[in-house]
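Report on the structure given below.
The values are calculated or read from the model by the stated rules, or taken from the named source; none is laboratory data. Quick caveat, the model's predicted, so the values are computed rather than measured. Ideal geometry is used to build each Cβ from the backbone, glycine not excepted, and the neighbour counts take in all protein chains shown. Keep in mind that these areas ignore ligands, DNA and RNA; they rest on the heavy atoms of the full protein, side chains included. Shrake-Rupley method; radii C 1.70, N 1.55, O 1.52, S 1.80 Å.
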Amino acid sequence: MGKHHLGEFEEIVMLTVALLGKKAYGFGIIEEIENRMNRSVSIGAMQTVLKRLEDKGYLDSEFGEATTSRGGRRRRYYHLTNSGISILEETQERRMDLWNAVQKLGFNTQ
């Protein structure tokens, strides 16, 4: 892999951002992860990882429109960058290499 690698939570967040598409904002990402992974996620942990992924160049963000239902506040929406897509593809390849190697040894996951 290149300069950076993905931790498990970073990978889950990035995959969730990809899954949600244009609807990927902080709390929405948390809800999706909690529903799909049966895993509790704090807003602080989410904010930290989203910032870190932006710093690494894997995510970009932009503010949406202000809404009255949010008291005039705007949501920050996230999307994958080309670098983010590339690192996810690399990560998937590495994981599949490991799974394939383990299965060749006769390890049965079913």
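Do any residues in the stretch 70-99 that are farther than 19 Å from F27 by Cβ and part of a helix (DSSP H, G or I) have Cβ atoms under 7 Å from those of residues that are open to solvent by less than 80 Å² (accessible area, probe 1.4 Å) and of a type in the set (D, E), where the two are at least six apart or on different chains, and which pairs are they?
Going by the 7 Å Cβ cut-off, the qualifying pairs are T91/E11.
Just to verify a result, which residue in the stretch 24-61, among those that are open to solvent by 40 Å² or more (accessible area, probe 1.4 Å) and in contact with an Asp or Glu (Cβ under 9 Å, 6 or more places away or on another chain), is farthest from E93 (Cα to Cα)?
By that ranking, first place goes to S40.
Taking the residues in the stretch 21-67 that are of a type in the set (D, E), under 21 Å from I87 (Cβ atoms) and part of a helix (DSSP H, G or I) as candidates, determine which candidate is farthest from the chain's Cα centre (by Cα).
D55
Name the residue, out of A66, A18, that is modelled with pLDDT of 95 or more and aliphatic (A, V, I, L, M).
A18
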